[in-house]
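None of the figures in this text is laboratory data; all of them are computed from the coordinates on show. Because the structure is a prediction, the values reported are computed rather than measured. Cβ placement follows ideal geometry from the backbone for every residue including glycine, while neighbour counts extend to all protein chains displayed.
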Amino acid sequence: MFKENHNQEEQNFWISYADLMAGLLFVFILLVGAIVVRYVYVQQDLAQKRAALGLSESALNDTNKKLQNLKKRLDESIKELAKSKETNQELSEKFTLQKNEVAKLKELILDYDRSSDAQKKVISILENNISTMKNDFDKTQNILILKDDEIAALGEKLLHQSIEHQKLVDELNITKVKIKNLTGIRIKVVSLLKESLGDSIQIDSKSGAMRVASNILFNQGAYKLKPNAKKELQDILQKYIHTLLLNDEIRQYIDTITIEGHTDSVGNYLYNLALSQKRALEVMKFLYESDPQNRELYARYLSASGRSYSDLIYDENGEEDKEASRRIEIKFRIKNEKAIKELEKFLNK
């Protein structure tokens, strides 16, 4: 009877274990699906922004070329106007001199003999010359008036194009400033994190991630926390998580926080994957159970992930540092982080 009960309990245990693993697998599949959907959405949004920026720069280049052509035409028109004014001045002076000379000759001829055919022919020729010169002078005046109108219209068009060009430049500069402000978010979060934690907890100066050696938390090959590990987690890890989630100034930038389990390369990959996943989950369970008033925040932001030996740490000689590779690592992701990285690449082109 005792043996049958024992066998039945063992069967119930394995069924429960299988149900648990199936549930974890389902959660993992949902998590992967969510990450894929989010990645696609961010990529589409990024593509739209890059296309808009590309169109803006293309339009700006076209406007610059048009402005250069208009400026060239304006310079040529100004030169032609200057030449025309000089010619007009010369013609005016010449016309005045000729007019005065004709008047003098006319007076002399009329004084001698007003009836002389020769005198009449001279007067007629001179009058024709004066008429021709007057016509030339009038034509030159009309040309100058047309040139002035053309230059005025060209100047007005150039002014309008300059205003539009400046608007495009201002909009592009504002967009670039906004994008550069976005790319500085991680630096700001790491700076605030260091300021809040002081020297009590060491974090990565670039990413803001924190590491805890596995030998402090777990026995070799085990995933249950050591008795004295819980105090270590409360003193260090809980303070780190609280700083990220309870500081409103920092939390506004946080998208997710991931507790990652890592192993060395001893053993096969799947064994280490299961071990690292269990260790990460154990740390997350400790945080969740030891801090009930913040469970809602933990449920919204925290996740656990086993990485096996996919991210080993190497020493200065290029050899695997097994002790350093066995670790729990806590990382946080900034909102729209992938889009920010792509924008950084675009701005640095």
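Report the relative contact order of the stretch 184-347, percent, no decimals, based on alpha-carbon pairs under 8 angstrom and at least 6 residues apart. Relative contact order comes out at 30 percent.
Distance between the 7 Å Cα→Cβ label points at Ser131 and Ser310: 10.2 nm. Pairs spanning more than 28 Å between alpha-carbon atoms, out of Lys285/Lys335; Lys49/Lys71; Lys49/Lys206; Lys49/Lys335; Lys79/Lys139; Lys188/Lys226: Lys49/Lys71; Lys188/Lys226. Would you work out the Kirkwood radius for the stretch 235-278? I mean one over the mean of 1/r across all pairs of different Cα atoms, in Å. In the stretch 235-278 this quantity evaluates to 12.7 Å.
Using the Cβ-Cβ distance between Ala274 and Leu197 with R0 = 41 Å, the FRET efficiency computed as 1/(1 + (r/R0)^6) comes to roughly 0.80. Ordering Glu289, Glu260, Glu164, Glu316 from the fewest to the most neighbouring beta carbons within 10 Å gives Glu316, Glu289, Glu164, Glu260.
Once both labels are positioned 7 Å from their Cα atoms along Cα-to-Cβ, the gap between Arg300 and Ile35 label points is 2.3 nm. With N counted as the residues of the stretch 184-347, its alpha-carbon radius of gyration over 2.2 N^0.38 Å works out to 1.06.
Could you state the number of Å between the C-alpha centres of the stretch 211-234 and the stretch 259-312? A separation of 12 Å, based on Cα centres.
Computed extension length for Leu81-Ala47: 7.2 nm, one decimal, from 0.36 nm per residue of separation with the Cα-Cα distance subtracted. Computed extension length for Glu249-Asp291: 13.0 nm, one decimal, from 0.36 nm per residue of separation with the Cα-Cα distance subtracted.
Fewest neighbouring Cβ atoms within 10 Å first, the residues His160, His165 line up as His160, His165.
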